[in-house]
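Below you'll find the structure, written out as structure tokens, and then a few comments.
Values in this text are rule-based calculations from the coordinates and carry no lab data. Treat the numbers as computed from the prediction; the structure is a model and nothing was measured. Heads up, the Cβs are rebuilt from the backbone with ideal geometry, glycines too, and the neighbour counts pull from every protein chain shown.
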Amino acid sequence: MIINFKVDGKYYNLNVNSDKALNKILMDDLGNTSLNSQCHNASCGNCIVLINSQAALSCLVPAFKLNDTVIQTFEHYQKTRLYRDIQKAYSEVERTPCPRCFAAKTLIIESILQSLLKNDSQKYKNIEEKDKEFINKELSLNSCHCIETQELIRIVEKALDYRGRRRVRKS
Amino acid sequence: MITEEEDVYENLKSATVYTPKNFSELSNMKMLAPKAIFWGGGTYLMTRETNENLDNPREIISLDKIPELKEIFRTDNSIEVGAMVNLDNFAAACRPMFKDEVIQAIHSIGTQIIRKQATIGGALCTRTIKTNLSVILYCMEAQVEIRSLKRKKSFSRWIPISSLYDSNGKLTLSDDSIIVKIKIYTQKDKSYFFRNTGSPMLDSDTTTIFGISNLINQNNLLSTRIIFAYPQIGLHIPEETITQLANQFIPINPQRIQKLAQNLGTNIKKHFPNLSELQLEQSTRIFESYLYYLNRSFLELIQIHKRK
């Protein structure tokens, strides 16, 4: 099957098996090295990418669903302004995930920020207990335990603060 | 670098994918490819254990482009949700009309990232129980619209969610039928309680899923629905326990709670003799703890009324 899609700003026209998983396409056909996908079972959470700006497990997306989609891997995402909010949060908390899960955890954090600010643009001023539970749950998608949950929640809170304030300044 | 054992695509031919845009095209495509599998969100079909067991080459009918399957229709007292609506949107649609316990139970199926990829129809139509969605929908008294594609002109019928599965939890849907939508009537006074003892996806041989709903009129239990799901074994609706709880006064005394739990355990064991001791113990304990929770909630309510 021929699929036409955009990955990290470039258009591709590939001939692949129609039900080949996106993570395999990115790793085998496009040479992506940031994915580190291992389980083929949606249990490791290391294959996260952004599809049309929404985080998704790429091991669960077949080729036939990719026509006309825009995909962003971590390699491209880390060059964007959005990443800087999370990068600053990592610096402030002085902790980062390990190299194996860094990409996936960062994209999960990006997904969390989008979700919290979409429902309430002032969320960065007041994070409630239920938001922390939500953050904890989303982060559990990635099975690596290299960093304490409380530290990750602090990182998300900081990143949310930076993102929220930046949006206010922009508007 | 791909090793032979990891590359599941090495010896596979590319699957033929049909993408109907309406039910008429769907019927025609199913007649052309009777062995084709229906594809919803793909979160179940794309996992390795499922993928490797499918035919090679395979034929796929993707339901992604049929607009009726993605519709959400609300009235004052009911909601109809298409089978291709993802679980996150389903929870959001139910939020204004159902209690928090229901929304939290839907959220417990997976993270938001997973819920946005998984569909209602896909989550219901797995070979073994992979989520607690069937338990949640049973307690919500959901009805399911099934469309049969056997003949040129397809026809639909509505069935209760419990009829979608046999007593062993196996899907009774034939290969040439699809779930079109689910319908749920809201009942504002209904109470819900859901518990999982683990993940049906990751701990399928040790997980017990429990759901109960009822109405409480003054201090009487009415319209109780109870269901247990054991991922590798099946579904169980304990009719005898439901009968014993009919018109039960609350608070329930501890001896009665113990007796009810014991009877429940005996019935479950009779129905599923191969059920593990762990899951049996989990079932009776969760049920007991629910009845104590019911007592506590009721007594707290009385205290609040007394203070007023």
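Our helix-only sum for chain B, with -39,500 (n - 2.57) per DSSP H run of n ≥ 4 divided by its residues, gives a mean residue ellipticity at 222 nm of -10000 deg cm²/dmol.
Using a/c under 1.5 as the rounded threshold, could you call region A:18-71 rounded, prolate or oblate? The axes a ≥ b ≥ c are square roots of the C-alpha gyration tensor eigenvalues, and prolate needs a/b larger than b/c, oblate otherwise. Rounded, since a/c falls under 1.5.
By the count of neighbouring beta-carbon atoms within 10 Å, fewest first, B:His305, B:His271 end up ordered B:His305, B:His271.
Apply the membrane-span-like helix rule to chain B: whole DSSP H runs, Cα extent along the own long axis of at least 27 Å, mean Kyte-Doolittle hydropathy at least -1.0. List the helices found.
Within chain B the helices that satisfy the rule are B:277-307.
Stokes-Einstein diffusion for region B:106-253 at 25 °C, viscosity 0.890 mPa s, with a Kirkwood radius from C-alpha pairs, works out to 149 µm²/s.
Within the shell defined by Cβ-Cβ distances under 15 Å, the residues around B:Asp76 carry a net charge of +2, with Lys and Arg each +1 and Asp and Glu each -1. As an equivalent ellipsoid, region A:1-93 spans semi-axes of 24, 15, 10 angstrom, where each value is the square root of five times an eigenvalue of the C-alpha gyration tensor, largest first. Per residue, the Cα convex hull of region B:67-154 amounts to 114 Å³.
Looking at region B:149-212, what % of the alpha carbon pairs are farther apart than 13 Å? The share of Cα pairs beyond 13 Å in region B:149-212 comes to 77 percent. The mean count of C-beta atoms from other chains within 10 Å of the C-beta of residues in A:60-70, rounded to a whole number, is 4. For region A:12-92, applying the loop criterion from DSSP together with a ceiling of 15 other beta carbons within 10 Å to the trypsin sites (Lys or Arg not before Pro) yields A:Lys79.
Principal axis analysis of the Cα atoms in chain B yields extents of 68, 45, 37 Å, listed in decreasing size. Counting only DSSP beta bridges whose two residues both lie in the protein assembly as shown, roughly 85 percent are antiparallel. In region B:187-252, which trypsin sites (Lys or Arg not before Pro) are in a loop and have at most 15 other Cβ atoms within 10 Å, using DSSP for the loop call? The qualifying sites are B:Lys188.
Take each residue of peptide B:104-113, count the partner chain Cβ atoms within 10 Å of its Cβ, and average: the result is 5.
Largest GNM mean-square fluctuation across B:Thr186, B:Thr208, B:Thr47, computed for chain B with C-alpha springs under 10 Å, falls on B:Thr47. Taken about its Cα centre, region A:47-140 carries a charge dipole of about 140 debye when Lys and Arg each add +1 at the Cβ and Asp and Glu each add -1 at the Cβ. Arranged from fewest to most other beta-carbon atoms within 10 Å of their beta carbon, B:Asp64, B:Asp76 become B:Asp76, B:Asp64.
Sort B:Lys99, B:Lys259 so the one with the fewest other Cβ atoms within 10 Å of its own Cβ comes first.
If I rank by nearby Cβ atoms, fewest first, I get B:Lys259, B:Lys99.
Averaged over the residues of peptide B:160-170, the number of Cβ atoms from other protein chains lying within 10 Å of each residue's Cβ is 0.
With contacts defined as alpha carbon pairs under 8 Å and 6 or more residues apart, what's the relative contact order of chain B in percent?
Relative contact order of chain B: 14 percent.
Cross-link reach is defined here as a Cα-Cα straight distance under 29 Å, omitting same-chain residues fewer than 8 places apart; for B:Lys306 the lysines meeting it are B:Lys99, B:Lys188, B:Lys190. Starting from one equal scatterer on each C-alpha and no solvent at all, send me the Debye-based log10 I(q)/I(0) for the protein assembly as shown at q = 0.06, 0.07, 0.10, 0.12 Å⁻¹, two decimals. Taken in order of the listed q values, log10 I(q)/I(0) reads -0.30, -0.42, -0.85, -1.18. Relative contact order of region A:28-171: 28 percent, from C-alpha pairs under 8 Å at least 6 residues apart in sequence.
Taking every DSSP beta bridge with both residues inside region B:143-265, roughly what % is antiparallel (nearest 5)? Provide the component values of the computation, followed by the final result.
Working: 32 of 32 bridges.
Antiparallel bridges: around 100 percent, rounded to the nearest 5.
In cubic angstrom, how much convex hull volume per residue do the alpha carbon atoms of region B:79-128 span?
76 Å³
Report the charge-dipole magnitude of the protein assembly as shown in Debye, nearest 20, computed about the Cα centre from +1 at each Lys and Arg Cβ and -1 at each Asp and Glu Cβ. Show your work: numbers first, answer last.
Details: 63 positive and 52 negative charges, 339 e Å.
Once rounded to the nearest 20, the dipole reads 1620 debye.
Express in % the proportion of alpha carbon pairs of region A:48-171 at distances exceeding 17 Å. Tail of P(r) above 17 Å: 56 percent of Cα pairs. Counting only DSSP H runs of at least 4 residues, each contributing -39500 (n - 2.57), and dividing by the residue count of chain A, the helix-based mean residue ellipticity at 222 nm comes to -12500 deg cm²/dmol.
Taking GluC sites (Glu not before Pro) in DSSP loop states with no more than 11 other Cβ atoms inside 10 Å as exposed sites, chain B has its longest site-free stretch at B:53-308.
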